[in-house]
Amino acid sequence: MRIITRAAVALAGAATLGLGLVAVPATAAELGDDLVVDFGNTTFKAGSWGEGVTATVEEVPEEVETLTVAIGSMGENGGGLVDEAEVVQQEDGSWVGTVRPSDEYPPVAPNADGWPKYTASVGYQYEDEAGETQYVNESIELTITEGVSVTGPEEATVAELAAGIPLQFAGFNSGEVVTGDIRFFNEDTGEEESIGDFETEPLGQDGAGEGVLTITGASVGQQFRVVASGEAGTVNYYVRVVEGGDAPEEPPAPEQPGPEQPRKPERVDTGA
């Protein structure tokens, strides 16, 4: 019995020693060290950013004053920043920040070639001893699953748009009405302009349906964006106006000083 008692005491001493070793503070992070980031949720359904991406960073060099969390996208022809937010230091010493892009720019499920791709990243910049700017960045690829969608032809002639082009809606909630508006890029102002809103008939039980997009007064070279929103999310559809032999001849415009400007579309009709 005494041997067992002594062994127990010895083990208790070892446990105490072990706890003492664990309590020794770790080496503080230094400028240039890799960031250790927990990005939280990294999977989203096409059409909705949900609650966004929340990044948590445990150790940040004392010299760093600003951290940024960002979502970027990359397509076959390039990419860019979707949105960004500041990562703020908390009372417990950790840094936390959430970025949630606008519903106007929802995530899109990748096509057969894997585009587009989305990434979330956290980083900061600093000057090294030589005065050069250095960047520290930690990123992760986001997963976008199938969700809401609006599909149709990528290109249409003036005549086809005037007659109406078919659109397919899918991934929405059963029987819901999809609403939104149609916009075009005005090269003179460098901004998008809304030319009208729309509302579909109730979609089918499977959340799918068809509609017709009708635009009169379009000009070759213009691009239109349909922003469609439902309870399950928001999605964009783009169509570009191209030349076509079937375009009806228009009467000559009255003489005016200066070059004639492209006309703003006069009417938009959509329905399911």
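Before moving on, here are some points about what is shown:
- Residue pairs meeting the criteria (Cβ under 9 Å; at least 6 apart or on separate chains; first in the same structural domain as PHE184 (by TED's automatic domain parsing), in segment 204-218; second assigned to a loop (DSSP other than H, G, I, E, B) and aromatic (Phe, Trp, Tyr)): GLY207/PHE172; ALA208/PHE172; GLY209/PHE172
- Across segment 79-107, the qualifying residues are those that are acidic (Asp, Glu) and at pLDDT 95 or above, and the one among them that is nearest to PRO61 (Cα to Cα) is GLU86.
- Of the residues making up segment 68-87, those that are of a type in the set (A, V, I, L, M) and touching a residue at least 12 places away in the same chain (Cβ under 8 Å) are VAL69, ALA70, ILE71, MET74, VAL82, ALA85, VAL87.
- Residues satisfying the criterion are present in segment 167-188 (criterion: more than 19 Å from PRO106 (Cβ to Cβ) and touching a Gly at 6+ places or on another chain (Cβ under 6 Å)).
- Residues located in segment 144-165, provided they are within 19 Å of the chain's Cα centre (by Cα) and loosely packed, with under 13 Cβ neighbours inside 10 Å: THR145, GLU146, THR151
- Sole exception among (1) among the small types (Gly, Ala, Ser); (2) at pLDDT below 50; (3) within 30 Å of VAL108 (Cα to Cα) for GLY52, by number: (2)
- Count - residues of segment 180-218 that are among the hydroxyl-bearing types (Ser, Thr, Tyr), part of a strand (DSSP E or B) and surrounded by 14 or more Cβ atoms within 10 Å (Cβ to Cβ): 2
- Some residue of segment 153-169 being closer than 30 Å to VAL60 by Cα and among the small types (Gly, Ala, Ser): no
The values are calculated or read from the model by the stated rules, or taken from the named source; none is laboratory data. The model shown is predicted, which means the values in this text are computed figures rather than measured ones. When we count neighbours, we look across all protein chains shown, and the Cβ atoms used for this are built from the backbone with ideal geometry, even at glycine.
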